[in-house]
Amino acid sequence: MRSAPPSPTGTSRPCASSAPPTTTAPRAEVPVAAPDDEPPRFELLQFELPESPEHEDTTGAEPPREDPPLDATTALGAAVTLLALAALSALLGQHFLWGWLRILAGVLGGAGVGAALLMVLHRRRWVLAGIAAALLALVLTVPAVLSARAAPLASIALASIPALADDDRVTSLPIQDSPVLVQRADGSGELLRGSRVDEIPAQAGEILALSAEGTRLLRVTGTTGEAEGPTTTVLDLPPDTVPVPLTALDGAPMALAGDLLVLRTCTEGTCRISGHDLSLASDGSTAVPALWTISDGTQSDPGAVRGADPAGIPLPATGAQPAGLLDALRSTGILPEIALVHDPAQGWVQLDPATGFPQGQVLARPEQDCRIASTAAPPGPPSLQEPGAVVLTVCSQDDGAMTATAHRDGSVLWTSEPSPAGEWMVTLDQGRVLAAGTEQGSEVSGEIVAGEAQSAWTAPGGSVLQQASALTSRIGIDGARMVVTNDAGQLVAYDTADGENTWTSAVHDEAAAAQGVPGVRGVLGAGSAVVLDPAVRTAPLDARDARRLRIFDAATGEVRIEVVVEGDLEPVAAVGVGAALVTEGDRTLLLSR
């Protein structure tokens with residue numbers, strides 16, 4: 001019996017045990033050589049290993065896949081949709097004047113162009129398309145927002161000074177390029193001439209004033225009853241330079257006509273009125289000798305000497321303390337051309353500044369209760385010869401009835417009939433007398449005016465104004481004209497005495513309530529009307545609280561300045577023809593053309 005061949009070395013297994021599962025590559029088996037065969041040959045098995053990439057993902061995540069290119073149809077649809085929405089927003093914004101729709105239109109327009117760029121740019125340039133869209137949105141919105149903003153008012157102002165307070169006084173003249181004199185409550189002053197601002201040193205109690213022609217500045221010191229009495233310093237106002245001292249004279253100024261200055265001086269208990277020719281002044285330190293001198297009593301206190309009343313300021317017609325010698329100058333800041341002197345024995349007379357002699361007849365008797373002032377001539381057609389100043393008197397009876405009289409060079413121009421009895425405040429201005437108050441036995445306030453047109457007192461504007469459209473607001477009234485608005489949306493100027501319509505302009509009063517802003521308001525004076533009304537919005541980004549500021553020539557209605565403003569703005573005063581002072585924030589600006 002043949003025995004089984006021996007097992008190969010290292011291949012025996014225990015009985016009844018199964019081979020473990022193969023977990024690795026199979027081992028190479030060694031073939032059993034037959035006795036008569038060749039010796040076995042051993043061959044090494046070849047194993048193929050997977051190639052490993054340089055950046056193999058060892059986390060088990062799937063390898064990144066390339067994004068498919070953007071569908072051109074999708075990009076085109078997005079671009080068309082965005083651009084259509086932009087156009088719709090722009091149309092609705094313009095129709096309803098909604099600023100947010102106008103801004104949205106710019107943003108959507110930029111996004112639409114960005115989507116269109118994605119159709120032609122490679123997918124990796126979507127950042128470039130986004131930047132282009134953002135830049136275009138800025139271009140479509142930022143310039144529109146900036147252009148809709150009102151320009152700062154300071155950018156067109158000729159001059160700027162600290163904001164005026166309630167106690168500060170503003171003085172100007174109804175002439176072109178009038179100097180503007182501001183005297184603060186502490187006495188200091190500022191003189192504005194175009195873009196030039198000059199500081200005028202002065203102390204509390206001193207008076208700064210302009211001549212009626214606007215060519216000279218006066219500084220009056222010692223006005224509070226000092227023993228030495230007042231002193232008047234006269235300064236010339238050459239253009240484009242500081243005020244130049246001309247002369248300094250003892251006395252209180254009463255009038256300045258051209259180069260002729262009339263003063264009242266008291267020395268050693270004797271008072272005199274004298275005339276001085278300023279053309280003879282050589283320098284600021286030399287006193288000008290008197291051309292003439294007349295006696296004027298012994299009262300040395302200017303406050304106790306009767307003086308003329310201020311023109312253009314409402315005053316009680318009767319029962320009030322008479323004005324002192326310098327009260328009118330302190331109130332108005334303008335030295336008149338006519339010298340009015342009150343003689344306790346004769347009454348009011350007008351002096352010739354060249355000779356000191358009285359001119360014409362007595363203007364008012366000493367026993368009469370009268371107001372008297374020198375004013376500009378009433379408005380009228382232009383002539384070759386400029387009319388001279390007018391002296392107005394308003395004398396009251398015991399019951400309050402008033403009689404007005406106008407004089408020139410001491411001669412009567414016209415006299416009114418007695419007014420209705422009552423309690424009146426009177427304003428003597430530009431050759432007319434305007435009275436406001438109540439008639440006797442009535443509690444209803446009203447206004448009446450006396451002038452050269454007729455002898456009877458009438459309501460301002462007369463019967464002509466009663467037939468006009470209903471008035472809605474008043475900008476202002478003076479002796480020459482009244483500027484009002486009516487229910488037809490018009491700004492109208494009427495002659496105060498006869499009601500002649502001198503000019504008309506449009507206003508936007510009806511837009512005030514809709515926009516929630518103040519209605520039409522303004523000031524009238526010194527030859528100008530300053531009007532502030534709501535600005536009409538014509539673009540979506542226009543400010544809702546914007547207002548239109550206009551400065552009119554009060555005589556002709558010509559618009560000298562028109563500008564749209566925003567923010568807190570308050571017209572302060574009309575200062576010369578075509579000029580105004582307005583306060584914006586903490587600055588007061590001079591606007592002029």
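Considering region 534-552 alone, what residues qualify as being of a type outside the set (A, V, I, L, M, F, W, C) and touching a Phe, Trp or Tyr at 6+ places or on another chain (Cβ under 9 Å)? Listed by number, the list holds a single entry, PRO540. Taking region 478-593 as the region of interest, the strands (runs of 3 or more DSSP E) fully inside it that hold 1 or more residues being crowded, with 19+ Cβ neighbours inside 10 Å are 481-486, 490-495, 521-525, 528-534, 547-553, 559-565, 569-574, 579-584, 587-592.
How many residues are touching a strand residue (DSSP E or B) at 6+ places or on another chain (Cβ under 9 Å), open to solvent by 20 Å² or more (accessible area, probe 1.4 Å) and not aromatic (Phe, Trp, Tyr) when one looks only at region 339-370?
We begin by selecting, within region 339-370, every residue touching a strand residue (DSSP E or B) at 6+ places or on another chain (Cβ under 9 Å); these are 339-344, 346-370.
Remaining after also requiring open to solvent by 20 Å² or more (accessible area, probe 1.4 Å): 342-344, 346, 352-355, 357-362, 365-369.
Then keep just the ones that are not aromatic (Phe, Trp, Tyr); that gives 342-344, 346, 352-355, 358-362, 365-369.
Summing the residues that are touching a strand residue (DSSP E or B) at 6+ places or on another chain (Cβ under 9 Å), open to solvent by 20 Å² or more (accessible area, probe 1.4 Å) and not aromatic (Phe, Trp, Tyr) in region 339-370 gives 18.
The residues on offer are LEU291, LEU326, LEU335, and the sole one that is over 25 Å from VAL433 (Cβ atoms), modelled with pLDDT of 90 or more and surrounded by 15 or more Cβ atoms within 10 Å (Cβ to Cβ) is LEU291.
Have a look at THR215, THR223 and point out the one that is more than 27 Å from the chain's Cα centre (by Cα) and either more than 16 Å from ALA328 (Cα to Cα) or without any contact (Cβ under 8 Å) to a residue 12 or more places away in the chain (or both). Even if it seems obvious, please write down each step before you answer.
On the way: THR223 fails: either more than 16 Å from ALA328 (Cα to Cα) or without any contact (Cβ under 8 Å) to a residue 12 or more places away in the chain (or both).
Answer to the selection: THR215.
Sub-6 Å Cβ pairs linking a first residue in region 89-115 that is closer than 9 Å to ALA137 by Cβ to a second residue that is aliphatic (A, V, I, L, M) and outside any helix (DSSP H, G or I), at least 6 apart or interchain, number zero. Within region 424-448, being modelled with pLDDT of 95 or more and open to solvent by 70 Å² or more (accessible area, probe 1.4 Å) holds for one residue alone: MET425.
The values are calculated or read from the model by the stated rules, or taken from the named source; none is laboratory data. Only a predicted model underlies this, so the values are computations on that prediction, with no experimental measurement involved. Glycine gets a Cβ as well: all are built from the backbone with ideal geometry, and neighbour counts include every protein chain shown. The protein model used for the area step is the full one, side chains on, heavy atoms only, and it has no ligands, DNA or RNA in it. Shrake-Rupley method; radii C 1.70, N 1.55, O 1.52, S 1.80 Å.
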